[in-house]
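Below is one structure, written out as structure tokens; comments come after it.
The values are calculated or read from the model by the stated rules, or taken from the named source; none is laboratory data. Worth saying up front: this structure is predicted, and the values here are computed from it rather than measured. Ideal geometry is used to build each Cβ from the backbone, glycine not excepted, and the neighbour counts take in all protein chains shown. The accessibility values were calculated without ligands, DNA or RNA, using every heavy atom of the protein model including side chains. Shrake-Rupley method; radii C 1.70, N 1.55, O 1.52, S 1.80 Å.
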Amino acid sequence: MNAWLSEQAAMHAWAIATAAVVSSGCALVGTLLVVRRMSLLGDAISHAVLPGIVVAVLAGGRPGGMLVLVAAVVTALLTVWLTQALKSRAGLAEDAAAGVVFTTLFAAGVVLVTAAAARIDLDPSCVLHGILELVPFDTVRLGGFEVPRAFVTAAAVFGLLLAAAILTWKEQLATAFDPAAARAAGIPVGLVTTGLLAATALATVASFEAVGAILVVAMLVVPAATAELLVHRLPWMALVAVIVAVFAACAGYLAAWWFNTSAAGMMAVVLGLEYFAAAVLAPSDGVLSRAVARLWLAWRVTCEDCLAAVWRSEELAADGRAEAPTAVSLWQSVAFRWLAASGQLVGAQGAWRLSTRGRVEAETVVRSHRLWEAWLGRHTELPLDHLHPPAEWIEHHLGATVRKRIEAEVGVQESDPHGRSIPPERK
Amino acid sequence: MTSLAGIPYNTLVVAAGVAAVGFAAGVIGSLGVLRKRALAGDAAAHATLVGVAAAFLVTGRRDLPVLLLGALVAAVASLGVLVLIRRFTRTRDDAATAIVLGVSFGLGITLLSGITARGIPGGGGLEQFLLGHTAALTAADAGLLAAVSAAAVLLVWLGLKEAVLVAFDPDFAAALGWPVTVIDYALVALVAVMVVVGLPAAGAVLVTALVVIPPVAARQWTDRAGTMLLLAGLIGLVSAVAGVAASAVVPRLATGPTIVLMAAAIFALSLLLAPGRRRGA
Amino acid sequence: MERVTRTSGPGSDSGPALEFHDVTVAYGRRPVLWNIDLVIEAPGLFGIIGPNGAGKSTLLKAALGLVPLAGGSVRFFGRPLDEVRRRIGYVPQRETVDWDFPVSVMDVVLMGTYARLGWFRRPGSGERALANACLDRVGLADVADRQIGRLSGGQQQRVFLARALAQQADLYFLDEPLAGVDARSQEQIFRVLAELRAAGKLVVVVHHDLRTAAEWFDAVALVDMRLVAAGPTAAVLTPENLRRTYAGPLDVLDELGRAIEQGRRTP
């Protein structure tokens, strides 16, 4: 019983390990595909390698064997070449050309599989979504251990991809960033791109048994797209993509086992959840953090407007034209109360006065406003009566350095274009 | 009457229904290709699988209208997700499409496998929506497909002027005050509908070909948008009928791949035979 | 401050043909045009001049509602855009469309009649006669049935102009109509534009060539992310104004643009 259990555990472990290695390879290649905007090509290649694989298997190659790998790479390059040819010779747009080529090749592959189903060990549904659960049953002896054949293939391909990525990193980076400049710098851009396409084919074919032709698309693109939301530099992106992929492999397999369903399908679902989580929670680009940042900006603008309003009313009061500022919205009345609580305003509703600290803040805002109006008056053809509105939202974005630069340009002035005084720099 | 020249009546009706789908897909696909959105329906196509499986799970029925309604909901939802990704993240369009396509297909496979593993009665046949299989369609199913296709073609005929202008020069159309975004959404929604009605014949994986290959084949023969739409419809029709015929003759052959290969053959012939369309080339 | 002032245009319009009131345009959140304030009266040939990336085309697109305004307003004949759209003709930049598109020259010119036709109605013989007349005015009557991709660049630009003529507008916007156009087409285009002016229309042209600008336009505006100067051509195209326009973007605007985009303060 115990032996049976541990054998079961070993089976699952091998399946998970295979899935992890397979998707790591895809994530690595996918990182470059995503930053080079070649996701579509990854999609096309993953479909299109099917006929190559089938022909190689019909010719006596073993799934995962050398013949099949080579055939897949050749078909991938053929796909890209055909797509390019349709673009330049038949005048098709890139996506239409790719659409024609990959659907046709995939259809040919399916017809071949169906026709030869009696002779080869591939069935149409395996082609579509793989059977990760069966991977541990087909083993080879390696150093005295029974190791799943798919794992050996996947590990070898991953090793190859990793080595290639490390060796050609500089070239890949340069080509991805600016192909024209890379070409000018003597980097063989065409060769680098061809290498990437071949790598895509290798990663795809190594994943074929485990996840099938279509789910490979998710393995290629989603980890990289997730990583892109989280980090901003390519090496980190590749690393994060691999981590995302490995997590999806483990969690997806276990969830599939728990729910008794397709492991490959569940891996794609977990990848989708990871992407969603990153899109919402990413520290700087996430939906949530951007919403918080926008809210914070709105709050800061409101507080500054309130302080400036009190300052202006005090300025008017000095001319004997007193006009007490009042909150016109709930948002503003909350701001007034907070400013009083934090010691920037003193007094009471309807008769707010600035504290020393509040005065510094308020004068900074008013100074920004009036300096900006002076600057606009100098640089644009804008009539005086039009000056006011734009300055309303610019004033909240001016910092001390740029204020100094503006002051230097318009000259230290006593007053703005409306003839009102510009407060001195207080911070 | 149960047969005509040895072909069962039902097969004839199904062939006619699928032919209508092929025609409509060619017409609407042409607008997609002209608007440079050839693959707009691909993500939606892969997502239909989720809808088919969910509709089956919710209703417990395998009637085609129910399943296709589920597919349509899923297709539209996937397009909605694409819009959200574009609006709220910095993921680029190509990656966004691949994400929606791959993840929704994964979810579909997860549901299908779950249904199969639990041996839910009638669930086994759902796999036919992967690659298309017309043998099981009834005359009523074919009638539904034909009716939706006819309605779609009618809509295009009505709005042809608007669709062509938006495809050719969206800035000019917007300057006229036209709601270009709404027209674009309508076009993508029509493509999604075609993808859904094309599902029984061509399958989720290959149905995209139905809205891509006939239009680009037709484009080789003509320089006029109207003619292109009509020709694409005819090419789609011929391909669809050929697919149905082939899978009626060869028992285990799925219809989808056959339809695609037929359309591809017509495209290849068009490239070779059409009077040199390309300027300078 | 120089302003373009002319006698009032035709009809019962309550304001100048075109009026930008403190217009700011942003892509995303980042402003690319700051506080444009400009009044242009009909009739006339008006040039919008400035360096590459100055926002000239953006100004046209903002006027036409193709890009949203972040601030300010645009009025035509004293009215908002939605009330006067049919009186506005538009010639977009030639590169913005796919010339391989399967339409004939006649098809494209007929597009100019679409706004009057309304939804779902097809052009009839009246529209065809109008389109033919417009093609004749730009000297392309003999190529009406040709696919648009088979024309030269200059001919393509004239097709676009014919389409705008078919709009029978009172105010025309042309975006770089002379970019990549042969001398003969240039001359023909300007002859047609002069005819429009003679008929009391206002023609606003985004243009980048200073030499031809001085020759052709009655009045110009110099734009580089903001309006540098506007008025009669001779008064505006002074060495000092040109230096201010072409001196490169102002780094204060650059810094501020980035700060606004990221919702923070500048240094």
Task: In nm, spacing of pseudo-spin labels at B:Y185 and C:Y246 (7 Å Cα→C-beta vector) - done: 4.6 nm
- [ ] Would you kindly derive the ³J(HN,Hα) couplings of the range A:46-56 from the backbone phi angles with the Karplus curve 6.51 cos²θ - 1.76 cosθ + 1.60 (θ = phi - 60°), listing them in order in whole Hz, with x for Gly and Pro?
- [x] 5, 6, 6, 6, 3, x, x, 4, 5, 4, 5
TODO: Could you order A:S262, C:S152 so the one with the most accessible surface comes first? Probe is 1.4 Å.
DONE: C:S152, A:S262
TODO: Between B:D63 and C:F120, take the C-beta separation as r, use R0 = 41 Å, and let me know the FRET efficiency to the nearest 0.05.
DONE: 0.70
Task: Under-5 Å amide H pairs with C:I36, H placed in peptide plane, nonlocal only - done: C:V23, C:T24
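Rounded, prolate or oblate for the range A:2-282? Axes are the square roots of the Cα gyration tensor eigenvalues, ordered a ≥ b ≥ c, and the cut-off for rounded is a/c under 1.5. Each step should come with its number before you reach the end.
Details: a/c = 1.68, a/b = 1.23, b/c = 1.36.
Verdict is oblate for the range A:2-282.
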Task: Cα long-axis angle, helix A:2-35 against chain A (0 to 90 degrees, to the nearest 10) - done: 60 degrees
- [ ] Can you find, among A:L271, A:V22, A:A155, the residue farthest towards the positive end of the dipole of chain A? Put +1 on the C-beta of Lys and Arg, -1 on that of Asp and Glu.
- [x] A:A155
Open item on the list: How tilted is helix A:94-115 with respect to the longest principal axis of chain A? Cα atoms for both, answer in degrees (0 to 90, nearest 10).
Closed with: 30 degrees
TODO: List the residues whose amide H sits under 5 Å from the amide H of C:G89, counting only those 5 or more places along or on another chain, with H placed 1.01 Å from N in the peptide plane.
DONE: C:D170, C:L171, C:Y172, C:F173
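Can you give me the span-like helices of chain B, meaning DSSP H runs with 20 Å or more of Cα extent along the axis and Kyte-Doolittle mean at or above 1.6? Before the final figure, lay out each step's value.
Values: long enough: B:9-34 (38 Å, 1.78); B:40-59 (29 Å, 1.43); B:64-88 (35 Å, 2.15); B:93-117 (35 Å, 1.39); B:139-158 (28 Å, 2.02); B:180-219 (31 Å, 2.11); B:225-249 (36 Å, 2.04); B:255-273 (27 Å, 2.10).
In chain B, the long hydrophobic H runs are B:9-34, B:64-88, B:139-158, B:180-219, B:225-249, B:255-273.
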Open item on the list: Apply the Karplus curve 6.51 cos²θ - 1.76 cosθ + 1.60, θ = phi - 60°, to the phi angles in the range A:180-193 and return the couplings in whole Hz, x for Gly and Pro.
Closed with: 5, 5, 4, 5, 4, 7, x, 7, x, 4, x, 5, 4, 5
Open item on the list: Taking 8 Å as the Cα distance limit and 6 or more residues as the minimum spacing, I'd like the relative contact order of chain A as a percentage.
Closed with: 17 percent
TODO: Calculate how steeply helix A:356-379 sits against the longest principal axis of the alpha-carbon atoms of chain A, using the helix alpha-carbon long axis, and give the answer as 0 to 90 degrees to the nearest 10.
DONE: 80 degrees
Task: Inter-label distance for A:T356 and A:F259, nm, one decimal - labels placed 7 Å from Cα along Cα-to-Cβ - done: 6.4 nm
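When a/c is below 1.5 the answer is rounded, else prolate if a/b is larger than b/c, else oblate, so apply that to the protein assembly as shown with a ≥ b ≥ c taken from the square roots of the Cα gyration tensor eigenvalues. The partial results should precede the final answer.
Working: a/c = 2.18, a/b = 1.43, b/c = 1.53.
Note, shape of the protein assembly as shown comes out oblate.
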Task: lysines whose Cα lies under 21 Å from that of A:K404, excluding same-chain neighbours fewer than 8 positions away - done: A:K427
TODO: Return the FRET efficiency for the residue pair C:R128, A:L316: r is the Cβ-Cβ distance, R0 is 45 Å, and the value is rounded to the nearest 0.05.
DONE: 0.10
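Find out how many positive minus negative residues lie around A:M267, taking Lys and Arg as positive, Asp and Glu as negative, among other residues whose Cβ is under 15 Å from that of A:M267.
Values: positive: none; negative: A:E133, A:E209, A:E274.
Result for the neighbourhood of A:M267: -3.
With a 1.4 Å probe on protein heavy atoms only, work out how much accessible surface A and B bury together, total over both chains, in Å² to the nearest 100.
Working: alone 21480 and 13690 Å², together 30880 Å².
Summing both chains' loss of accessible area gives about 4300 Å².
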TODO: Using R₀ = 51 Å, calculate the FRET efficiency as 1/(1 + (r/R₀)^6) where r is the Cβ-Cβ separation of A:C250 and B:A150; round to 0.05.
DONE: 0.55
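May I ask you to list the GluC sites (Glu not before Pro) in the range A:266-340 that are in a DSSP loop and have at most 11 other Cβ atoms within 10 Å of their Cβ? Could the numbers behind the result be given before it?
Working: sites: A:E274, A:E304, A:E314, A:E315, A:E323; in loops: A:E323.
Listed in order of number, the matching sites are A:E323.
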- [ ] Count charges around A:A293 for me, please; just the other residues with Cβ under 14 Å from its Cβ, Lys/Arg as +1, Asp/Glu as -1.
- [x] +4
- [ ] Measure off 7 Å from each Cα along the Cα-to-Cβ vector at A:A85 and C:R264, then give the distance between these two points in nanometres to one decimal.
- [x] 5.2 nm
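Run the helix sum for chain B: -39,500 (n - 2.57) per DSSP H stretch of 4+ residues, divided by residue count, reported at 222 nm to the nearest 500 deg cm²/dmol. Walk me through the numbers on the way to the answer.
Values: 11 runs with 219 residues, N = 281.
Mean residue ellipticity at 222 nm (helix-derived): -27000 deg cm²/dmol.
Once you sort the root eigenvalues of the Cα gyration tensor of the range B:3-272 as a ≥ b ≥ c, which label holds: rounded (a/c under 1.5), prolate (a/b larger than b/c) or oblate (the other case)? Please list the in-between numbers first.
Values: a/c = 1.87, a/b = 1.18, b/c = 1.59.
Note, shape of the range B:3-272 comes out oblate.
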TODO: Give me the net charge of A:G186's neighbourhood, meaning all other residues with Cβ under 14 Å from the Cβ of A:G186; Lys, Arg count +1, Asp, Glu -1.
DONE: 0
Task: Integer Hz, Karplus 6.51/-1.76/1.60 couplings in order for the range A:259-275, x for Gly and Pro - done: 8, 6, 8, 5, 5, 5, x, 5, 4, 5, 5, 4, 4, x, 5, 4, 4
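For chain C, what % of the accessible area comes from carbon and sulfur atoms, probe 1.4 Å?
Values: 4990 of 10210 Å².
The value for chain C is 49 percent carbon and sulfur by accessible area.
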Task: Distant-in-sequence amide H partners of C:V205 (H built 1.01 Å from N, under 5 Å) - done: C:F46, C:G47, C:I48, C:L174
- [ ] Report C:D37's accessible area, 1.4 Å probe, all protein chains in place, as a number in Å² to the nearest 10.
- [x] 10 Å²
TODO: Could you look at chain A and say what percent of its accessible area is carbon and sulfur, using a 1.4 Å probe and all protein chains?
DONE: 68 percent
- [ ] Please give the length that would be gained between C:R30 and C:R184 if that part of the chain were fully extended, namely 0.36 nm times their separation in residues minus their C-alpha to C-alpha distance (nm, one decimal).
- [x] 51.4 nm
